[in-house]
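Here is the structure we will look at.
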Amino acid sequence: MRECEKEKRGRVLSIAGSDSGGGAGIQADIKAITMNGGYAMTAITAITIQNTVGVHGVVPVPLDAIRGQIKVTLSDIGTDVIKTGMLGDRKTIEAVADTLDQFATKVPRVIDPVMVATSGDRLLASDAIDVLKNLLVPDATLLTPNAPEAEILSGRAVETIDGQRRAAERLLEAGAKAVLVKGGHIDGKVITDVLQTEYDEFFFEAGRIDTSSTHGTGCTLASAIATHLALGKSLVDSVDAGRNYLLKAIEKAEPLGQGHGPVHHSWMLDETD
């Protein structure tokens, strides 16, 4: 083993779709990973024709190209954590799961079950949900659904903190090692994210920020958490650090576009001026 590979370096491989608007998907992942001190690598699953208003088209990447991106990246640079985002359809999920099982069996995985864009456009085919549950939820180091996604995956209503807890329990039973059920879609002035593991339960609270700049929040949070895990932090500390980064990115965001604008991924640079 080369000397540079002996210690964790914060390497994160993101397997997700490209967002031409730059606020979510692979673009958000690269920004979040970089700003949190990691090294970002990518395997693009689809090209979305997208801006702040909505998703105007999706062009899937050929399965062999997705497999190839994962394989050559892992065989050369390697990774400390794998993060998945938009996978789109059943065949893509199957290809990604099979490739990871071949080349990254022991690498921790942060699974963000992207189903719907902030604009409301669907990003996961309905017939792919069971495949996601069967192939990627089991053994996920961390699963990061928002309330609607948790409801679909668990079959439990997620309208309260208690609903978040019950959904997390069901997803742990499905094989995930830890589940973070986000509370941004649940009404209230205070947003609570519920983290459950096999042994513990944690609650993270923050006041709701009045803004329309929320595009890419899920991608950004999952990537930030993945980066801190890749740097060697504990799960709880990684979630806490990722949330703090995202909250500041939302707070510091300036309006861009005519719809849901992106968060301010590089807010840290402003503080060094």
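The values are calculated or read from the model by the stated rules, or taken from the named source; none is laboratory data. Keep in mind the model is a prediction, meaning the values are calculated, not measured. Here the Cβ positions follow ideal geometry from the backbone for every residue, glycine too, while neighbour counts run over all protein chains shown.
Residues in region 157-207 that are over 20 Å from the mean Cα position of the chain (by Cα) and closer than 22 Å to Val263 by Cβ: Asp187, Gly188, Lys189, Val190, Gly207.
Annotation note: Cβ proximity below 6 Å between a residue of region 101-113 that is closer than 12 Å to Gly78 by Cα and a residue that is at pLDDT 95 or above and surrounded by fewer than 22 Cβ atoms within 10 Å (Cβ to Cβ) (sequence gap 6+ or interchain) occurs for Phe103/Lys71; Phe103/Leu74; Ala104/Leu74. Only one of the numbered conditions (1) assigned to a loop (DSSP other than H, G, I, E, B); (2) at negative phi is not met by Gly175, and that is (2). Phe202 meets each of the listed conditions (1) touching a helix residue (DSSP H, G or I) at 6+ places or on another chain (Cβ under 8 Å); (2) hydrophobic (A, V, I, L, M, F, W, C); (3) under 20 Å from Leu136 (Cβ atoms) apart from (3).
Taken together, the criteria place Gly22 among residues that are of a type outside the set (S, T, N, Q), at pLDDT 95 or above and in contact with a strand residue (DSSP E or B) (Cβ under 9 Å, 6 or more places away or on another chain). Those helices (runs of 4 or more DSSP H) of region 194-273 in which at least 1 residues are of a type outside the set (Lys, Arg) and closer than 21 Å to Ala167 by Cα, considering only elements entirely within it, cover 217-230, 235-251. Filtered by the rule that a residue be surrounded by 16 or more Cβ atoms within 10 Å (Cβ to Cβ), without any contact (Cβ under 8 Å) to a residue 40 or more places away in the chain and more than 26 Å from Gly259 (Cβ to Cβ), region 130-153 gives Val137, Ala140, Leu143.
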